[in-house]
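Visitor: Quick one: the structure is below, and I'll ask about it shortly.
The values are calculated or read from the model by the stated rules, or taken from the named source; none is laboratory data. Since this is a predicted model, take the numbers as computed values, not measurements. Glycine also receives a Cβ, built like all others from the backbone with ideal geometry; neighbour counts cover every protein chain displayed.
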């Protein structure tokens, strides 16, 4: 039949510039320039290194979260996992005497197990991700307190601190770790069947399921990934402050989500970019750092962070939602009766 | 004489890449019922969007009661008494009937609303759906909800009411009552009605005038008495109606390729079985709600609690999930292609590659975008996908071409069993023929095909054999000359010719129905299902 009618001009796929994704980079550059103008110390190499280091924990945890968010889920327990893993690993190394490398690996495994618990609750018990991780957040945080009776663990082995908090040819090790994690995550998301399945599950779970994607497996894997990276983030915190606090991870609970969201991850699922999350984390780090340099009282930092999240998300929504035209256009192009799915988008 | 109630003049509206409306003009008088007819994508929805104030036209004017409206917003439209009753009833199931009627009113308006509520309830009752003001809408049937939506549109000082496919979920004798009530209200209260429907008998019986849109332009504008349904359909399509005949009917000696037995699901009454020969297309007809979709989904074990034992080419295959059925080469093409067939915001090629495991990988565990695109392009070429650019997002394709993408993801994988659920729902006439050709071709290549459809002419023209499902069971099997509308409908409804059902048909709007017209059992919906059970 149709093979006889070649449709002539096969349009070459044109490389499309994603302006939405571009916006976040422009915002970051503008922020750096503005902070640099306000305080000349901001754009010095030493300070930029500090910014990178302070952004690293958010970046690591945020990257894991990006996967979760792309599947349409959320993980509120990342900060608690970071705290729990930090305490357990530090205790193992300080009191159990296990070598630092083993402490690191044990911590990450514990994080993955915590993530697996989340994933199983969400898939097998069908709890909404928000509820499931709200519960486990509390449980993991409680475990962190129980582990040492609420006491911090000091005097972490020097080798462990050096493992994550030293410099290689002037570059902080954590920055290298972030780079490796980001590249790996980018490849995983864009270049593997797993990554395509993650996006498909977030875009339309039913479609993925009916196409033979093992949806549960994908979801569990994604929460394991978030758990493992949260653990890594928690260990970075331990190395940086040279001690494990039972609530060290809690500040990152929401800022990691913020980093992902500023970077364009859509809480409705199906959308999110690793690079975006990285930039989101850098923006948050630069703000914190810049406000300190500008002698702004630290209480204001939270206000600013909150406003940045609100502005970033509303710009993101705006660029999608501007033209209502755009949406009704879709309707007309596809020329199908408005089924529930088309109208459910957002009106 | 007084001004026209509504004058729409030279309205144009473009969306990026599409000219949805181009120079549409018409008038509407008080008490006039004007049908807006046109194929999918002809611009009806856009026009209703503009009338409701949700969309701003690029050009043209809207004049209501002689006043030309410049800043025409949704609020303005409501204030002018323009009401758009959507196809999907826009009501809140958790609220009661009365609360739904009051939705969106200010406190003052609510105080003065008692009479309007009474009248709306009376309207609904006269349409044949008496209901109590305090009943939660969640307890109403789809047909009752539609009736409520219609009544609400006419309440609270409506002057212009647009009804978009208002009868899709109603049984035929209900439709007649609803339509006669709509006429009474329109004529009695001087309300202008814009009526959108695909069902020609309704259009012929309810409207005073008709305007046909084709490709965004008004193609035809007549009083209904000066035209016929054949005429209207011809103007809508602008070409001859589809006629499709299978090029490759099944070889009577072909061996059985696909067999499923013990197919059941959580709510089914009895396990079913089916067998399909190589190259055979088996149509499954029946009312919506008769369990056809559930049957297909149970075969691939898409839902919890479903059972089936399947064998392909004589060998039993173990199927516990859609994953297993994909491995076994069973393709399921779902009815709701936007929500179940495609991931709309991802590129077409990624949708087609969704069934891939490692087949399209390049280096190591990494997928090769190049291979995915090449494969999708090859599929697109075979199916004359338009546009041919597979890097466009799935959302950007029309219904028919989206359907090709859904089918493509199974063809490249080499599936040999194809389960179609309403394959041409929301696909325009040209696209339908292409899908039929594709199904015919799949069969001619020795695959086994099952097609569930509510479109009778479709079932009749593409099937080698038709099974009719009623209340979760196969009630009849038709081959050869027995594949005809009358015998299929009679079995689907569970009526023989002497039953009371036929008198209901007599009560339906009488008009010359062209044979090509859809007699769509789906349109009778859940109510019809209930009624059919009652009479059987």
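Visitor: Do any helices (runs of 4 or more DSSP H) lying entirely in region A:145-247 carry at least 3 residues that are within 14 Å of another protein chain (Cβ to nearest Cβ), closer than 30 Å to residue B:340 by Cβ and modelled with pLDDT of 95 or more, and which ones are they?
Guide: Because the criterion is at least 3 residues that are within 14 Å of another protein chain (Cβ to nearest Cβ), closer than 30 Å to residue B:340 by Cβ and modelled with pLDDT of 95 or more, the helices (runs of 4 or more DSSP H) in region A:145-247 that meet it are A:173-191, A:193-203, A:205-210, A:215-241.
Visitor: With the requirement that a residue be part of a loop (DSSP other than H, G, I, E, B) and out of contact with any helix residue (DSSP H, G or I) (no Cβ under 9 Å at 6 or more places or on another chain), what does region B:306-324 give you?
Guide: B:313, B:314, B:320
Visitor: Could you please let me know if residue B:219 is surrounded by fewer than 22 Cβ atoms within 10 Å (Cβ to Cβ) and in contact with a helix residue (DSSP H, G or I) (Cβ under 6 Å, 6 or more places away or on another chain)?
Guide: So residue B:219 fits the description; yes.
Visitor: With the checklist (1) in a helix (DSSP H, G or I); (2) more than 19 Å from residue B:159 (Cα to Cα) in hand, flag the one item residue B:117 doesn't pass.
Guide: (2)
Visitor: Residue B:353 - would you say it is buried (at least 18 other Cβ atoms within 10 Å of the Cβ) and within 17 Å of residue A:197 (Cα to Cα)?
Guide: It is true that residue B:353 is buried (at least 18 other Cβ atoms within 10 Å of the Cβ) and within 17 Å of residue A:197 (Cα to Cα).
Visitor: A further question on this structure: Of all residues in region B:66-106, how many are in contact (Cβ under 8 Å) with a residue 24 or more places away in the chain, under 17 Å from residue B:28 (Cα atoms) and loosely packed, with under 12 Cβ neighbours inside 10 Å?
Guide: Of the residues in that region, 1 qualify.
Visitor: Still on this structure, I have one more. In contact with a helix residue (DSSP H, G or I) (Cβ under 7 Å, 6 or more places away or on another chain), in a helix (DSSP H, G or I) and farther than 30 Å from residue A:145 by Cα: does that describe residue A:278?
Guide: yes
Visitor: Looking at the structure I just gave you, is residue B:260 at pLDDT 95 or above, over 28 Å from residue B:398 (Cα atoms), assigned to a strand (DSSP E or B) and touching a helix residue (DSSP H, G or I) at 6+ places or on another chain (Cβ under 8 Å)?
Guide: yes
Visitor: Considering region A:118-129 alone, what residues qualify as being surrounded by 14 or more Cβ atoms within 10 Å (Cβ to Cβ) and without any contact (Cβ under 8 Å) to a residue 60 or more places away in the chain?
Guide: Once the filter is applied, which keeps residues that are surrounded by 14 or more Cβ atoms within 10 Å (Cβ to Cβ) and without any contact (Cβ under 8 Å) to a residue 60 or more places away in the chain, region A:118-129 yields A:121, A:127.
Yes/no per residue for (1) in contact with a strand residue (DSSP E or B) (Cβ under 6 Å, 6 or more places away or on another chain); (2) crowded, with 24+ Cβ neighbours inside 10 Å; (3) modelled with pLDDT of 85 or more:
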residue	(1), (2), (3)
B:134	yes, no, yes
B:137	no, no, yes
B:142	no, no, no
B:148	no, yes, yes
B:174	no, yes, no
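Visitor: Residues in region B:283-291: is at least one crowded, with 19+ Cβ neighbours inside 10 Å, more than 22 Å from the chain's Cα centre (by Cα) and assigned to a loop (DSSP other than H, G, I, E, B)?
Guide: No - not one qualifying residue is present in region B:283-291.
Visitor: Looking at region B:357-377, which of its residues are under 22 Å from residue B:419 (Cα atoms) and surrounded by 22 or more Cβ atoms within 10 Å (Cβ to Cβ)?
Guide: B:376
Visitor: Then there is this: Given the structure, is residue B:31 touching a helix residue (DSSP H, G or I) at 6+ places or on another chain (Cβ under 6 Å) and more than 13 Å from chain A (Cβ to nearest Cβ)?
Guide: yes
Visitor: Looking only at residues that are facing another protein chain (nearest Cβ under 8 Å) and outside any loop (DSSP other than H, G, I, E, B) in region B:325-336, which one is nearest to residue B:381 (Cα to Cα)?
Guide: Top of the filtered list is B:332.
Visitor: Any idea which residue in region B:348-366 is nearest to residue B:401 (Cα to Cα), counting only those that are within 7 Å of chain A (Cβ to nearest Cβ) and more than 36 Å from the chain's Cα centre (by Cα)?
Guide: So the residue we want is B:358.
Visitor: Identify, from the list B:443, B:374, B:388, the residue that is under 28 Å from residue B:279 (Cβ atoms) and either more than 8 Å from chain A (Cβ to nearest Cβ) or assigned to a loop (DSSP other than H, G, I, E, B) (or both).
Guide: Exactly one of B:443, B:374, B:388 is under 28 Å from residue B:279 (Cβ atoms) and either more than 8 Å from chain A (Cβ to nearest Cβ) or assigned to a loop (DSSP other than H, G, I, E, B) (or both), namely B:443.
Visitor: Among the residues in region B:46-56, are any in contact (Cβ under 8 Å) with a residue 12 or more places away in the chain and in a strand (DSSP E or B)?
Guide: Scanning region B:46-56, I find no residue that is in contact (Cβ under 8 Å) with a residue 12 or more places away in the chain and in a strand (DSSP E or B), so the answer is no.
Visitor: Identify, by number, the condition in (1) closer than 30 Å to residue B:234 by Cβ; (2) in contact with a helix residue (DSSP H, G or I) (Cβ under 9 Å, 6 or more places away or on another chain) that residue B:56 doesn't meet.
Guide: (1)
Visitor: So in region B:406-440, with the set limited to residues that are under 21 Å from the mean Cα position of the chain (by Cα) and in a loop (DSSP other than H, G, I, E, B), which one is farthest from the other protein chains (Cβ to nearest Cβ)?
Guide: B:423
Visitor: While we're on this one: Working carefully through the options A:112, A:81, A:24, find the one that is under 29 Å from residue A:205 (Cα atoms), away from chain B (no Cβ under 14 Å), at pLDDT below 95 and not in a loop (DSSP other than H, G, I, E, B).
Guide: After ruling out the rest, the residue left standing is A:24.
Visitor: Might you let me know whether region B:68-89 holds any residue that is modelled with pLDDT of 85 or more, farther than 23 Å from residue B:105 by Cβ and in a strand (DSSP E or B)?
Guide: Yes: region B:68-89 contains one or more residues that are modelled with pLDDT of 85 or more, farther than 23 Å from residue B:105 by Cβ and in a strand (DSSP E or B).
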